[in-house]
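Notes to accompany the following structure.
Coordinate-derived values only; no laboratory data. Since we're looking at a predicted model, the values are computed, not measured. When we count neighbours, we look across all protein chains shown, and the Cβ atoms used for this are built from the backbone with ideal geometry, even at glycine.
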Amino acid sequence: MAYYFFIFATLFFVLSPLALAQPFKAVNLGNWLVTEGWMKPSLYDGMPNNDLLDGSQVQFLSTKLQKYLSSENGGGTVLVANRPSASGWETFRLWRINETYFNFRVFNKQFVGLEDQGDKVTAVSDTVGNSQTFQIIRNNDDRNRVRLQASNGQFIQASSETLVTADYVGSGWEDSDPSVFKMTIVNIYSFRGEYQLTNGYGPDRAPQVLQDHWNSYITEEDFRFMSENSLNAVRIPVGWWIASDPTPPKPFVGGSLKALDNAFTWAQKYGMKVIVDLHAVQASQNGNDHSATRDGYQEWGESNIQETVAVIDFLAERYADKPSLAAIELMNEPMAPGVNLDTLIKYYQAGYDAVRKHSENAYVILSNRLGPADSKELLSFASGLKRVVIDVHYYNLFSDSFNNMNPQQNIDFIYNQRASALTTVTTTNGPLSFVGEWTGEWAVQGASMQDYQNFAKAQLDVYGRATFGWAYWAYKCAADHWSLKWMIENNYIKL
Ligand SMILES: *[C@@H]1O[C@H](CO)[C@@H](O)[C@H](O)[C@H]1NC(C)=O
């Protein structure tokens, strides 16, 4: 008996560092070091004009003409006021200067401004300055009734459908006033990332708001909770500005690096591993607010590779010797076709080399592209590298195809389509597979607790086959089913 125990114990001891760690059962510490307003809307309480943020898309209907302001041709020429309905050319993206002053970016990315000599309103400048700056003055009784004051002190007026000028000096609010517009905010309260939060509060208030958030949102107690509930790793989204902590470029604020250091300390104490995930890169790899974009344009490309590799190099150097470091993910959710495959692979190779410069052991995670992309497109490249992982994200959401599925159809989809999709990226002798994001929420309305339990169980069954493991999105969230902590505490999920 003792002999068998000895064999067993020896095997266990020898295999345990590998066998116990992987596949990982992990959770994303989402909305901690890269914020997402929908996960904690109260972060925006107390921000003045918090419906007019960077990237808010607004449309202006002239009350006199009952026509929308439009940047003719999408930009490059004058503004007109002749459209009966609003679409791309009639939509302006805000760059917030402070709570009432803004720049307006048009469809083709130019900024609205005054013409060099004169009062005509145009959209020709690729940069912002005084003449691209406008104050939005809201009516006290109807906050979506506005007048737009230009840098010359006068108001924009739609004097006719083809003549939009900034030369009005009156101050009325009547429908007949050519300077009054009805403003529609297209994406109200839905575009709230780190840029919107930090720039919305501005340099005086943002540092304290963020510091309070970092200190309270994730604490050592959470690592104790996670480890006691069978989780053995965390995936931590970080933003590119962490590499220039404590003085990142505005509007970002310093301090997230210290929080990440703390996470490593707590992870080690509770025997957990850390996956550092570069979630937000300069110029944005997907245009989503969680990439910390200012206005939703996806602009990351070839010219950003070097600065992005520098962030990876910084993270790898800092954490390479930490026993808790499991992996560094080079870029979260690059979006096809904006991020093209050749550029991405070039970056992934350089990012991989940067990690390897500091660590032989850390896994390097390559996120598959979202959008129209082949899920196997990274496999042959990755096969030439050591200790690499392909990350796929599976949500039964964000596509109309899920809207009419009942609970059983969702569960079948996991056991059939998801299982098969995961198989295609789970290779022998190639990279490992990782379901780096999934959640217990779905598009089903009014599902029962049992439905949710079955759905979670199906996902655990299938994603448990991923060779590197899985990570739930997220640990904490204002929306209950997105919070693994809530799901565990309320018996919706059993790990
Ligand atoms: C807001 O920005 C405008 C334009 O730069 C400036 O004139 C104004 O003083 C600023 N207001 C506040 C409250 O900072």
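What to note about this one:
- D_trans [Stokes-Einstein, Kirkwood Rh over alpha-carbon pairs] for the chain, 4 °C, 1.567 mPa s, µm² s⁻¹: 53
- Rel. contact order, % - alpha carbon contacts under 8 angstrom, at least six apart, the range 18-133: 19
- Nonlocal amide H pairs with GLU36, under 5 Å, H built at 1.01 Å: ASN31
- Dipole of the range 57-185 computed with +1 at Lys/Arg Cβ and -1 at Asp/Glu Cβ about the Cα centre; of GLN57, VAL180, ILE97, farthest Cα towards the positive end is GLN57.
- Listed residue pairs exceeding 18 Å between alpha carbons, taken from LYS269/LYS485; LYS269/LYS494; LYS322/LYS357; LYS322/LYS485; LYS64/LYS182; LYS40/LYS485: LYS269/LYS485; LYS269/LYS494; LYS322/LYS485
- Positive minus negative residues near VAL80 (Lys, Arg vs Asp, Glu; Cβ under 9 Å): 0
- The chain: angle of helix 256-269 to the longest principal axis, Cα-based, in degrees nearest 10: 20
- On Cα atoms only, tilt of 449-463 relative to the major axis of the chain in degrees: 70
- For the range 196-321: relative contact order, % (alpha-carbon pairs under 8 angstrom, 6 or more apart): 24
- Charge sum, other residues only, whose C-beta stays under 15 Å from THR184's C-beta, Lys/Arg counted +1 and Asp/Glu -1: +4
- Each Cα pair under 8 Å and six or more residues apart adds its separation to the average, and for the chain the resulting relative contact order is 14 percent.
- Put the Cα centre of the range 136-155 next to the Cα centre of the range 264-306 and the gap is 37 Å.
- Angle in degrees between helix 194-217 and the longest Cα principal axis of the chain, rounded to the nearest 10: 30
- Summed residue charge, Cβ within 14 Å of SER151's Cβ, Lys/Arg positive, Asp/Glu negative: -3
- Spatially, the range 426-484 and the range 42-84 are offset by 39 Å when compared through their Cα centroids.
- Between ASN229 and TYR101, the C-beta separation translates, for a Förster distance of 30 Å, into a calculated FRET efficiency of about 0.05.
- Using θ = phi - 60° and Karplus 6.51 cos²θ - 1.76 cosθ + 1.60, couplings along the range 319-326 (whole Hz; Gly, Pro as x): 10, 3, 8, 6, x, 7, 5, 9
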